[in-house]
Amino acid sequence: MEKKVTLIIPAYNEEKNIVNVLKLSKEYEFIDEVIVVNNLSTDNTKQLALQQNVIVLDCKQRGKGFAMEKGLYHASNEIIVFLDADIDNYENDVINKLVNPIFFENYDFVKSTFDRDGGRVTELVAKPLLNILFPDIYCFSQPLSGMIAGKKEFFEKIKFEKDYGVDIGILLDMIKINAKIKEVHIGYLKNNHKDWKNLNNMTREVMVAILKRANIDFSKINEK
């Protein structure tokens with residue numbers, strides 16, 4: 001049976017990058033469905049995506065996890081690729097690298113790793129917490145990576161956090177349900193550094209996602 005792939009791109013104010021990211025999909029015959037989930041953008045993200053003849057959905061609830069979940073719900077194919085829209089230097093073979101382990105090695109879920117400058121939340125928060133709370137699981141070099149691929153049936157078994165905790169939550173849940181997982185290297189990536197206010201929000205949301213899956217009471221974190 002010929003394998004077909006749905007590419008899902010959650011996007012919030014990504015008018016600078018969205019067209020170039022969408023052009024990647026034109027390199028692959030096996031991608032016959034591309035879904036951009038416009039997550040309350042206030043710029044021209046939606047209009048530019050529509051010009052590329054792809055499916056554009058509006059997500060009225062702010063949060064990357066909401067957008068990813070909406071895209072998944074509307075996906076027609078059994079193999080799903082998620083790409084972040086804020087990357088401006090994906091290599092042309094990035095999608096091949098993500099789906100080949102599913103096509104040819106029967107993996108259920110593929111997580112990307114990459115070289116980059118920065119990674120403050122990954123190195124200072126996510127990795128230390130994972131080393132303490134989940135010492136026996138696989139050691140992933142980029143646990144917060146949003147460039148992933150997997151079988152739709154496995155994505156449908158897990159819980160999507162609604163915010164920046166979604167990526168680490170997916171990884172930990174895939175491990176919990178015994179998905180066959182592979183990490184693949186997709187090159188060097190550049191993305192926009194978040195300001196300290198947004199970085200604080202991201203840190204908190206990543207921590208909550210990890211603590212939930214360690215069955216630790218995180219109620220105090222949610223106090224204002």
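In this Cβ point-charge picture (+1 for Lys and Arg, -1 for Asp and Glu), the chain has a dipole of about 600 debye about its Cα centre. Aspartates and glutamates near Lys70 by alpha-carbon distance under 13 Å, same-chain residues fewer than 8 away left out - which ones? Within reach: Asp58, Glu156, Glu161. Pairwise inverse Cα distances across the chain, averaged and inverted, put the Kirkwood hydrodynamic radius at 17.7 Å. Round to the nearest 0.05 the FRET efficiency obtained for Val19 and Thr203 when R0 = 30 Å and r is the Cβ-Cβ distance. Result of the calculation: an efficiency of 0.45. Taking each DSSP H run with n ≥ 4 as -39500 (n - 2.57) and averaging over every residue of the chain yields -10000 deg cm²/dmol at 222 nm.
Restricting the calculation to Cα atoms, the range 65-155 shows an Rg/Rh of 0.98 when the hydrodynamic-style radius is the Kirkwood one. Tally Lys/Arg at +1 and Asp/Glu at -1 over every other residue whose Cβ is under 13 Å from the Cβ of Glu29; what's the total? With Lys, Arg at +1 and Asp, Glu at -1, the neighbours total -1.
Take the Cα of Gln47, step 7 Å toward its Cβ, do the same at Asp32, and the gap between the two points is 3.3 nm. FRET efficiency for the Leu40 to Glu105 pair, using the beta carbon distance and R₀ = 41 Å, is estimated at 0.60.
If I take all pairs of Cα atoms in the range 148-190, what percentage of them are more than 17 Å from each other? For the range 148-190, the share of Cα pairs beyond 17 Å comes to 35 percent. The label-point distance for Asn178 and Leu211, in a model that sets each label 7 Å from Cα toward Cβ, rounds to 3.1 nm. When you filter the chymotrypsin sites (Phe, Trp or Tyr not before Pro) in the range 84-144 for DSSP loop state and at most 14 other Cβ atoms inside 10 Å of their Cβ, you are left with Tyr138.
Every number in this text was worked out from the coordinates using simple rules, so none of it is lab data. Values in this document were obtained by computation on a predicted structure and should not be read as measured data. Quick reminder, even Gly has a Cβ in these numbers, built from the backbone with ideal geometry, and neighbours come from all protein chains shown.
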